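A quick write-up on the structure given underneath.
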Amino acid sequence: MAHCREEDAMPPKSAPSDIADLSREELQRYSRHLVLPEVGAEGQRALKRARVLLVGAGGLGSPLGLYLAAAGVGTLGLVDDDVVDVTNLQRQVVFGVDDVGLPKVERAARRLRNLNPHVDVIAHHERLSAATAAGLVTAYDIVVDGSDNFPTRFCLNDACVFAGRPDVFGSVYRFEGQVSVFDARRGPCYRCLFPHPPPPGSVPSCAEGGVLGILPGLVGLIQATETIKMILGIGETLVGKLLVVDALRMRFTHLNLLKDPACPVCSAQASIHQLRDEAYTCEPVGTDWDGDEYAVSPTQLHAALQRPNAPALLDVREPAEREIATLNNTYEIPIDELPTRLAELPRDRDLVVYCLSGGRSARAVRLLREAGFHRVSHLAGGLRAWTEQIDPSLPRY
Ligand SMILES: [Zn+2]
C-alpha cells in the first residue's frame, strides 16, 4: 500500500453539525483522525471527553503524555512526586536540559499544554499512595501505569479493581518490556499474576540493572495505543494477555493470562478490601537503617577508612557500574558470583560491602555471615548515600 501524501488528507471544508463542539482549530488539528472512519468526528469527541490518569511522568509517561495529548485526549492527569534528573534525559523525552532539578509533573504539563492547548493537563505533584489513590483513580476513566516501583503498582491495581477502572500496565527492564490491560471486570488484575510484591531487595531497579533508553518509548506507545483504542471502542485490547517485548531479538510474544480464582483482591475469596501501602523497597535509600545491625553510615565508613587498620572494601556491583563511579575497592565481586568466590575474601579483617543503594550489599552481608564471615558490615544507602554525604563529585546513576 502506498504511503499517503500529506495533501490526501485535508480537513473537512465545513463542520457538520454533529461536531459542533470541536472548534475550527481542533477540526484542522485532528484532520488525520477525522478522515479515519474508525475515529471520525464521533471518535474525536470521545477522545475529547475522555479523562486519563498517567501515573509516573518518567520513561513510560513521556511518550504516553506526548501522544495522548497530541491525539486530543481531553483531560490528562499526571501523578509524580519526583524532580527531573540529568540521568532521566536518556529516555524521558518530554524533558529537556532546562527542566533538570524542577518538578516532573509541572514541566511535563507545561510541555503538553504547549503541544496541545485544547487538552486540560492536571498536575498532581505527589506520590500515589493508599491515602490518595482512590480519589485520584475515581476522578478519571482510564488509568495508565507508568510507575517504576512495586508499592505504586500494587496500590494502583487495587484502586482500579475497587473503582472499576481499567489499568493499562507497562514495565521495562534492560531490553525487555511487558504490557497488559488489567480490568478485573473483564479479566485478570495485576495481583492475579503477582499476588504480593517480591521480597525486598530481590529485584534490581532500573537504576541498578539499566534500561535501553528506547524501550520505555516503545512500551509507552503500546500503552498509549491501548488507551486510545479503549476510548474509541475499536479493535482488540490486551485484556487477558501479556505482551512481552524482547527488544534485542525484536520479538513480540503474547501470553494468555487467566483470572486467579484465589486472587487476593479481585476474586470471591479476596482478603484485601482496602488500599494499603506495600512495604516493598527495591532501593533502600535513606537514613532508616536502625534495624540493620550490620549497616554502617557513610560518615562512619569515611572515618574508618582514615584509620591505620582500615576495613577492606568489597564492591558487589556489576563491572559496568564500576565504570561510572567507584570507591577505592579492595575486592570486586558481583553479587551473583559471590557464593562461588568466597575463598577470595579475608576472614581476619574488617570488610565493608557496598553497592548502589544498599539492597545488594545487605544480601551480601547475610550470605557472608551465614558463611562464617564475622567481621563484615555494609554501607547503608550504598554509593548514593556516600555521594550525597561524603563525595558529591562522584557521578550519580
Ligand atoms: Zn485479581
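Structure summary
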quantity	calculated
Cα shape, the range 289-389, gyration tensor, a/c 1.5 rule	rounded
Part-to-part distance (alpha-carbon centres) for the range 235-278 and the range 77-139, which is given in Å	26 Å
Net charge of neighbours whose Cβ lies under 14 Å from the Cβ of H302, counting Lys and Arg as +1 and Asp and Glu as -1	-1
Rounded to whole Hz, the Karplus (6.51, -1.76, 1.60) HN-Hα couplings of the range 46-52, x for glycine and proline	4, 4, 5, 6, 5, 10, 10
For V84, residues with placed amide H under 5 Å, excluding near neighbours	G101, L102, K104
Environment charge of R322, counting only residues whose C-beta is closer than 10 Å and scoring Lys/Arg +1, Asp/Glu -1	-4
Packing-based ranking, highest mean first, of 132-140, 179-187, 305-313 given that Cβ atoms within 10 Å are counted	179-187, 132-140, 305-313
DSSP beta bridges in the chain [antiparallel fraction, %, rounded to 5]	40 percent
Bridge type composition, the range 289-389 - antiparallel percent by DSSP, nearest 5	0 percent
Cα gyration tensor shape for the range 299-341, rounded if a/c is under 1.5, else prolate or oblate	oblate
Rel. contact order, % - alpha carbon contacts under 8 angstrom, at least six apart, the chain	12 percent
Pairs of lysines in the chain (C-alpha under 22 Å apart; 8 or more residues apart or interchain)	4
Gyration tensor (alpha-carbon) shape descriptor, the range 50-256, a/c threshold 1.5	rounded
Distant-in-sequence amide H partners of A295 (H built 1.01 Å from N, under 5 Å)	H378
Packing-based exposure ordering (other Cβ within 10 Å, fewest first) of F95, F252	F252, F95
Under 5 Å, built H, 5+ apart or other chain: amide partners of L238	V181
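No value in this document is a laboratory result; all are computed from the given coordinates. Just so it is clear, the model here is predicted, and its values are computed rather than measured. Note: ideal-geometry Cβ built from the backbone for every residue, glycine included; neighbour counts use all protein chains shown.
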